[in-house]
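As structure tokens, the structure follows; a few thoughts come after it.
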Amino acid sequence: MKHKKTYKLYPKNIINESDPTSFSGDFLNNHLHPGYFKEGLASIDPEVHQALIEEEQRQQDGIELIASENIVSRATLEALGKAIINKTVEGYPGARYYGGAQHADRIEILAIERAKQLFKCCYANVQPHSGSQANLAVFMAFLKPGETVLSMDLSAGGHLSHGAKANLTGKWFRIVHYGVSKLDGLIQMEQVRDLALTHQPKLIICGGSAYPRTIDFAGFRKIADECGAILLADMAHFAGLVAGGVHPNPLPHAHVATATTYKNLRGVRGGLILSDEPNLERKLNSAVFPGVQGSVILNAVAAKAVCLGEALRSEFREYASQVLANARSLAFSLINNGIDVVTGGTDTPLLLVDLRKLQLTGKQASEVLEVSGLICNKNTIPGDAQSPKITSGLRFGVSAGTTRGFQEQEFSQIGKWIAEMLHALSSGDDLAPLTRTIHAKVKEMTNAFPIYEKITNHSDPSL
Ligand SMILES: *Cc1c(COP(=O)(O)O)cnc(C)c1O
């Protein structure tokens, strides 16, 4: 029996023509297929296994410059693959709706205590399934539908979950956006204040997905106090730098901070909510559950505990300083090689390149770089005339490369390769020889910095 209809949407080359149900063998008759509790993925589901192995190889072979990515520890991978995934709990440690929660409670308490210690605050919620869910819970805690929110425009470096038109937050709340200066790419605090005083928002959000500079958290708080708003600092992209002590902590200036654990914090995919205001605990907890989520993804919470534990170690402070040094090295190298960098540099793990002078789009540039093994994303830049699908910019992040061991000299070299490719693309040269040369050098560099050796050999049955 073929399920052609189901697969119609996918490109032909990723479809296996065999019957998609065939792997289960006599599943229906015997209730459990042979090896259900014993055998690993490679023998039970070779198709999925193969794709996963090839993805590991892709990560090994490319230079990952996407700012929202990182490379988690072996310990994190192991926590994610444990049987606590079978446990369902709702509520919070000590106040669950189901029995058998003693180990779940231990793990969640560990994660909460580590988050509080790391970010020097009195409240943490480790349940949000993602950064967007964490932000949605903050909306749920403080706003009624239709109330006003002041946040950074998506095209200036904000985030979908801060009230973008297509997002629930943009459809159900009244959103006012501040931008950044077209001249220097920086937030204009006078503009933020004017908008806040005019529109009297209930919630003000700072922090974005493509803003490379330190935000004036104290200045934002002053404005929030002037109009009686709650201040949310979304530190998705720089939480690791805050944890490592090389970036200002938005707490206690912000009433609430949200973060993702999988970007610069170098852990599992998921979100956090933090606050140093003791009286917000009930509001925030009930906004997460039962407000916007149901049961807890406990293996993710276990992996968050691991990530936060790792971030408390002294090695993580060195990682954070290296991230900052590497981001600056990449920015410096690009600028030195004739590429425009928005704001002229960075204070975070990410930076934005302005391609307008080269008359290139982010779309074409990112596609060409990927062929050489340099993986990044197109991004709108301040005052961009192109659509978000095309853009006039590129966003680069150094968190993943730093994890695999790259230092300033590697990032300086990467900057040169990027600049060479962009100049060649801009002047209409034949790209093929240059692409081949750079791809070979990228391969040499990635070979020198291996990741997950043993997992690729799948010698560990727990994985
Ligand atoms: C990445 C990011 C998030 C979270 O995104 P998810 O994909 O939902 O985890 C939230 N806010 C900002 C500013 C981000 O950059």
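Things worth noting here:
- The chain - mean residue ellipticity at 222 nm from DSSP helices (-39,500 (n - 2.57) per run, n ≥ 4, rounded to 500): -12500 deg cm²/dmol
- Residue exposure proxy: TYR452, TYR92, ordered by other Cβ atoms within 10 angstrom of their Cβ from fewest to most, comes out as TYR452, TYR92.
- Global form of segment 196-263, assessed from the alpha-carbon gyration tensor, a/c cut-off 1.5: prolate
- Likely footprinting exposure, PHE142, PHE119, PHE238, PHE37, fewest C-beta neighbours within 10 Å first: PHE37, PHE142, PHE119, PHE238
- Ratio Rg/Rh [Cα only; Rh per Kirkwood] for the chain: 0.98
- Span-like helix check, the chain: qualifying full DSSP H segments, with Cα axial length of 30 Å or more and mean Kyte-Doolittle of -1.0 or more, are 314-336.
- In percent, rounded to a whole number, the relative contact order of the chain is 20, using alpha-carbon pairs under 8 Å and six or more apart.
- DSSP beta bridges in the chain [antiparallel fraction, %, rounded to 5]: 55 percent
- Only beta bridges with both residues in segment 156-294 are counted; by DSSP, about 40 percent of them are antiparallel.
- Full extension of the chain segment joining ILE85 with ARG58 gains 7.0 nm, where the gain is 0.36 nm per residue of separation less the Cα-Cα distance.
- Relative exposure of GLU281, GLU318, GLU310, judged by other C-beta atoms within 10 Å (fewest first): GLU318, GLU281, GLU310
- The distance linking segment 283-344 with segment 69-93 is 18 Å (Cα centroid to Cα centroid, whole angstrom).
- Value of Rg to Rh for segment 270-326 (Rh from inverse mean 1/r over Cα pairs, i.e. Kirkwood): 1.10
No value in this document is a laboratory result; all are computed from the given coordinates. In this text, all values refer to a predicted model and were calculated from it rather than measured experimentally. Reconstructed Cβ throughout: ideal geometry from the backbone, glycine too, with neighbour counts over all protein chains shown.
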